[in-house]
1. Return the distance in nm (one decimal) between the two label points of a simple spin-label model at Glu83 and Val218, each offset 7 Å from Cα along Cα→Cβ.
2. Does region 41-173 classify as rounded, prolate or oblate by the C-alpha gyration tensor (a ≥ b ≥ c root eigenvalues; a/c under 1.5 gives rounded; else a/b over b/c gives prolate, otherwise oblate)?
3. So for the chain, Kirkwood radius off the Cα pairs, Stokes-Einstein at 10 °C and 1.306 mPa s: how many µm² s⁻¹?
4. Output the peptides 70-78, 28-36, 136-144 sorted from most to least packed, where packing is the average of other Cβ atoms within 10 Å over each peptide's residues.
5. What are the lysines whose alpha-carbon lies under 22 Å from the alpha-carbon of Lys106, with same-chain residues fewer than 8 places away excluded?
6. Size of the dipole of region 147-263 about the Cα centre, Lys and Arg at +1 and Asp and Glu at -1 on the beta carbon, nothing else charged, in debye to 20?
7. If you place +1 on the Cβ of every Lys and Arg and -1 on the Cβ of every Asp and Glu, how big does the dipole about the Cα centre of the chain come out, in debye to the nearest 20?
8. Hey, can you rank 94-102, 156-164 by average C-beta count inside 10 Å, highest first?
Amino acid sequence: MSNSGPIGFFDSGVGGTSIWKEVIKLLPGENTIYLADSKNAPYGEKPVEEIIALSKKNTEKLLEMGSKLIVVACNTATTNAIEFLRSNYPVPFIGIEPAIKPAALKTKSGIIGILATKGTLSSALFSRTSELYSANIKRIEVVGNGLVAKIEEGQHNTPEMEVLLRALLKPMLEVKIDYLVLGCSHYPYLLPVLKRIFPEDVTIIDSGEAVARQTQRVLEMNSLFNLSDKIPDHQLYTNVDPEVLKALIAADQNPYKVSYLLF
Ligand code: DGL
């Protein structure tokens, strides 16, 4: 494991780039590799054993490519597989979980909404965290049925998406939630639509910045910062047609390389 090795990221698809963007913003000196396993998306409806097997496959590919640390840029993979990954591979892992804690601490109405996949909401790790931080408030949990598939098709900001979201989020709109936690790394791409649906006084939070700060802390603790003065390299790979991934990255007008890779 070398300091100039890349930080590896994986997700069931394009969504984890919302996390990747926060990490490269906070740590501009680091090399990165991102694997979008879009061929197998969505993970959120798969049994735990399959989520673990896919996480194992992605991790082994990232290690083969020299990753010094791995960000599991997927709530579903984190909540179902991170314990397995941490006990089977020799690099540090950073996971991503729905940001319930800040929402539970700040809510004034005492009602928060959580939008996540079935796999995340039904995981043992999610139950433990949500009980720990939000035992005394009301949580409205909604499974984002169909959202990941549409985002994977590049349909994140369309009238059809708005109709689907309004129907899914009805239980949250009927009560006075004041915080909405986005518990899936694909969902930050829904922000323009969500802001049209919810009143302005509903705060929408995701875990991107917290993951970036945790990545920085773990690199520091393990003396793993990249000390090389070469211009950092970012490589993004997908196992389907790269069009959607390219479009999400191009929105930032950065010249990142996006390639097809079989994995
Ligand atoms: N980005 C994944 C997550 O954070 C999406 C899950 C899925 O593929 O269903 O949960």
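All of the numbers you see were taken from the coordinates with simple rules; none came from a lab. Since the model is a prediction, treat every value here as computed from it, not as a measurement. Every residue, glycine as well, gets a Cβ built from its backbone with ideal geometry; the counts of neighbours run over all protein chains shown.
1. 1.7
2. Note, shape of region 41-173 comes out oblate.
3. For these conditions, the coefficient is 85 µm²/s.
4. Answer by packing, highest mean first, reads 70-78, 28-36, 136-144.
5. Lys138, Lys176, Lys195
6. 80
7. 460
8. Top to bottom by mean Cβ count within 10 Å: 94-102, 156-164.
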